[in-house]
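These notes are about the structure you will find just below.
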Amino acid sequence: MWYATDAGAASCVVYSGADTKTIRTCFRPRQALHRKDDRGVFVLVPDGDNSVSIWANSGTGWRSYFTWPKGTPNPMRGIRGIVDGRLFAFGYANCGIQLVDDVGAHCSGAAAEIADLSVVNANLAYAAYNDILLKYDGELWTQLGGPLPFKDWGDAKGIWADASTIVVTGSNGNVVMIKDEQTAVVLPEPIASNILTAWAFAANDIWIGTEGSELYHYDGSQWSLKASLPPGRGVTVVRLWGKDGHLLSNQLFAEWDGSQLHNLLPAEAGPISFTDVWGNSPTEVFATGVGSDAQTGGCGAYQVWWYDGTVARPM
């Protein structure tokens, strides 16, 4: 079973501190990360005043964890992190990966526009941009190998990795796999479309999401189309997450049961535009998004949904 998300909404996120505060944004919310430690869920949120913040919720309410100075150029587009360790905020050059901890944000030296980043453990992570693959060894980010063998001038869109396998997806139908940090192999083209995200359980069990709202599976020899989101919704499969045979994607916030998608949102949920999904287990999955709200001029309340294996609800 796996999970997925699509444009769909709920109540707004509320910060339970000295003052109650609704987080609202006129921008697309950034990527969510759940850390399985006492710091809980982290989200990257545009504040609407030309700054970007990381908010955290350990189960007792939302609090501001870090805010970049107003007007900081080249804002971050996503976060990933190490359990009980640093967060990696990544995005645009001139400092494409920043290390965020309790002291502040520190430039890693990766002067590139990072497309995506995948953390394996405290001493191993990978990131991709254009046709370049970067590796983190616990201290430094450095380039791993030569340019990726993308065809038709493809560039990186998404990355997934574990201790032995790296999968990088790209534009123009590109999917590249690297085993044991050796030669990069171009997998058969599943579709002539931008492939935005990947998740794998093994080298012969790879899932990808496309710009055309399609979900494909690779069994080690060929691709097969497993699902297509309803046409006319203007959505793409931009993020997948999975564990123990479960898979969840955000562009519908739904789960894959082996044969079809099941929407996890309750019937009363209004429209929401999801942007990311992450989890610790099939009973602890989180998705971020922004809801529509005509009273705020088309801007919406920033939202985080939590799925406990039975029910999805806003945090």
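In this entry, ALA127 is excluded by the filter for residues that are of a type in the set (A, V, I, L, M, F, W, C) and in contact (Cβ under 8 Å) with a residue 40 or more places away in the chain.
Among the conditions (1) assigned to a loop (DSSP other than H, G, I, E, B); (2) over 19 Å from ILE208 (Cα atoms); (3) touching a residue at least 40 places away in the same chain (Cβ under 8 Å); (4) not polar (S, T, N, Q), the only one that GLY258 does not satisfy is (2). In summary, strands (runs of 3 or more DSSP E) completely within the stretch 45-162 and bearing 2 or more residues that are basic (Lys, Arg), under 18 Å from the mean Cα position of the chain (by Cα) and crowded, with 18+ Cβ neighbours inside 10 Å occur at 76-81. The C-beta contact set for the stretch 196-221 (first residue closer than 17 Å to ARG239 by Cα and touching a residue at least 24 places away in the same chain (Cβ under 8 Å), second residue surrounded by fewer than 19 Cβ atoms within 10 Å (Cβ to Cβ) and charged (D, E, K, R), distance under 7 angstrom, 6+ apart or interchain) comprises LEU196/GLU211; LEU215/LYS226; TYR216/LYS226. Considered as a group, the residues in the stretch 198-250 that are more than 20 Å from LYS179 (Cβ to Cβ), part of a loop (DSSP other than H, G, I, E, B) and in contact with a Lys or Arg (Cβ under 8 Å, 6 or more places away or on another chain) include one that is modelled with the lowest pLDDT, and that residue is ASN250. When restricted to residues that are acidic (Asp, Glu) and under 23 Å from LEU144 (Cα atoms), the stretch 95-115 contains 1.
Out of curiosity, is ILE195 under 24 Å from VAL119 (Cβ atoms) and modelled with pLDDT of 95 or more? No; evaluated as a whole, the condition is false for this residue.
The values are calculated or read from the model by the stated rules, or taken from the named source; none is laboratory data. What you are looking at is a predicted structure, and each value in this text was computed from that prediction instead of being measured. So basically every Cβ, Gly included, is an ideal-geometry build from the backbone, and we count neighbours across all protein chains shown.
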